[in-house]
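Okay, so here's the structure we're looking at.
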Amino acid sequence: MRVISGEAKGKKLKSPKTADTRPIIDRVKTALFDILSIRVEDTRFLDLFAGTGSVGIEALSRGAASATFIELHIGVLKLVRENLQITGLADRAETLHTDAFKFLQAHVLEAAPSRRSGGPAVVPSQNSAARLYDIIYVAPPQYQGLAARALGLLDNSPLVTDTGLVIVQIHPKERSVVAEVPLTRLVLTDERRYGSTLLMFYEVKNKEEQR
């Protein structure tokens, strides 16, 4: 694995030897960032199931203002930190040793009337006040329903800015499960297939569409 473009272009990244970690191949990563283009610049990026950290590191190399890496496996997280040192991008990165779902649930909006009911706006918890992300990348282990679960939580999360983008990386066979997640704030705007990898792009609806 390597950094494809930007200030750390060409730097080789370390990869873990674990069955649950499936690093994104360079062809897909190139296509992803071709789609994002300059949108990644100056963004706050969340690599939710970080693995090697390859996607978040690519975002930093291409001009993201900051990136947060969430990883449960401590051995893999150490590799993320090593990769950040190798690329010289650690000063704009935050690495958290935690479960992705515990992280999401800690920032879910507090109890309030449903958006569907037309009730008053919900208020984020105090824990979420300091965290807002412009782009969130979701690439969990396959065939466990984790992508759908994460998407459902992100739909009702103050982590996503009003102009935010959520990208879900799955195997194409998982598409139906993810596509069936009931959403009120996010909407599927694009999807691209690259062999055994499917990228699904979700944007935040405008306020009129959310009513």
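The values are calculated or read from the model by the stated rules, or taken from the named source; none is laboratory data. The structure displayed is predicted, hence computed values, not measured ones. Glycine also receives a Cβ, built like all others from the backbone with ideal geometry; neighbour counts cover every protein chain displayed. Ligands, DNA and RNA are stripped out before the accessible areas are found, and what is left, the full protein with its side chains, is counted by its heavy atoms. Shrake-Rupley method; radii C 1.70, N 1.55, O 1.52, S 1.80 Å.
Kindly list, by first and then second residue, each pair from a residue in region 159-170 that is in contact (Cβ under 8 Å) with a residue 24 or more places away in the chain to a residue that is of a type in the set (Lys, Arg) and part of a strand (DSSP E or B), limited to pairs with Cβ atoms under 9 Å and residues at least 6 apart or on different chains.
Matching pairs, first to second residue: THR161/ARG44.
For region 111-133, state whether one or more residues are in a strand (DSSP E or B) and either at pLDDT 90 or above or open to solvent by 60 Å² or more (accessible area, probe 1.4 Å) (or both).
Looking for residues that are in a strand (DSSP E or B) and either at pLDDT 90 or above or open to solvent by 60 Å² or more (accessible area, probe 1.4 Å) (or both), one finds at least one in region 111-133, hence yes.
What is the residue count in region 46-63 for residues that are free of Cβ contacts under 8 Å to residues at least 60 places away in the same chain and not hydroxyl-bearing (Ser, Thr, Tyr)?
7
Sort out which residues of region 14-61 are touching a Phe, Trp or Tyr at 6+ places or on another chain (Cβ under 6 Å) and assigned to a loop (DSSP other than H, G, I, E, B), and write them in order of number.
Matches in region 14-61: ALA50, GLY53.
What are the pairs with Cβ atoms under 9 angstrom where one residue, in region 78-97, is closer than 18 Å to PHE45 by Cβ and β-branched (Val, Ile, Thr) and the other, located anywhere, is open to solvent by 60 Å² or more (accessible area, probe 1.4 Å) and at pLDDT 95 or above? Sequence gap at least six, or different chains.
Pairs that qualify, where the first residue is closer than 18 Å to PHE45 by Cβ and β-branched (Val, Ile, Thr) and the partner is open to solvent by 60 Å² or more (accessible area, probe 1.4 Å) and at pLDDT 95 or above, are THR87/GLU7; THR87/LYS11; THR95/ARG81.
If I ask for residues that are open to solvent by 30 Å² or more (accessible area, probe 1.4 Å) and either free of Cβ contacts under 8 Å to residues at least 60 places away in the same chain or out of contact with any strand residue (DSSP E or B) (no Cβ under 6 Å at 6 or more places or on another chain) (or both), which ones from region 32-45 would you list?
Hits for region 32-45 are ASP34, ILE35, SER37, ILE38, ARG39, GLU41, ASP42.
Filtering region 141-170 down to residues that are open to solvent by 30 Å² or more (accessible area, probe 1.4 Å) and hydroxyl-bearing (Ser, Thr, Tyr), which residue is nearest to GLY56 (Cα to Cα)?
THR163
I want to confirm something. Restricting to region 62-97 and keeping residues that are part of a loop (DSSP other than H, G, I, E, B) and open to solvent by less than 40 Å² (accessible area, probe 1.4 Å), which single residue is farthest from VAL168 (Cα to Cα)?
The residue in question is LEU89.
Among the residues of region 42-65, write down those that are more than 21 Å from GLY152 (Cα to Cα) and among the acidic types (Asp, Glu).
The answer is ASP42, GLU58.
Being among the β-branched types (Val, Ile, Thr) and in contact (Cβ under 8 Å) with a residue 40 or more places away in the chain is the filter here; which residues of region 178-204 pass it?
Selection gives THR184, THR197, VAL204.
Looking at region 1-12, I want the residues that are part of a loop (DSSP other than H, G, I, E, B) and have a partner that is open to solvent by 70 Å² or more (accessible area, probe 1.4 Å) and not hydroxyl-bearing (Ser, Thr, Tyr) with Cβ atoms under 6 Å, at least 6 apart or on another chain. Which pairs are those?
Here the result reads VAL3/LYS9; VAL3/LYS11, each pair linking region 1-12 to a residue that is open to solvent by 70 Å² or more (accessible area, probe 1.4 Å) and not hydroxyl-bearing (Ser, Thr, Tyr).
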